[in-house]
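Structure first, commentary second.
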Amino acid sequence: LTCVTSKSIFGITTENCPDGQNLCFKKWYYLNHRYSDITWGCAATCPKPTNVRETIHCCETDKCNE
């Protein structure tokens, strides 16, 4: 599985997930009418939001967390 780990004006950076990590995730924190502090990566299980302003999307196909 290949997941996006960062995005910039120059494109995306990806990584091949290690064995046992079969999910891609994108986590972002909502603040002041815009999304900030976005995190991408691989996971074995879908992370849980730590507060009401945090949103997490998990998926199972290559680069699905773009």
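Loop-located trypsin sites (Lys or Arg not before Pro) in the chain (DSSP state not H, G, I, E or B) with no more than 16 neighbouring Cβ atoms inside 10 Å: Arg53, Lys63. Dipole magnitude for the stretch 2-59: computed about the Cα centre from +1 point charges on Lys and Arg Cβ and -1 point charges on Asp and Glu Cβ, it is near 240 debye. Seen from every direction in turn and averaged, the convex hull around the alpha carbons of the chain projects onto 4.6 nm². Compared with the alpha-carbon gap, the fully stretched path from Glu15 to Tyr29 is longer by 2.8 nm at 0.36 nm per residue.
All of the numbers you see were taken from the coordinates with simple rules; none came from a lab. Because the structure is predicted, anything quoted here is derived from the model rather than measured. Ideal geometry is used to build each Cβ from the backbone, glycine not excepted, and the neighbour counts take in all protein chains shown.
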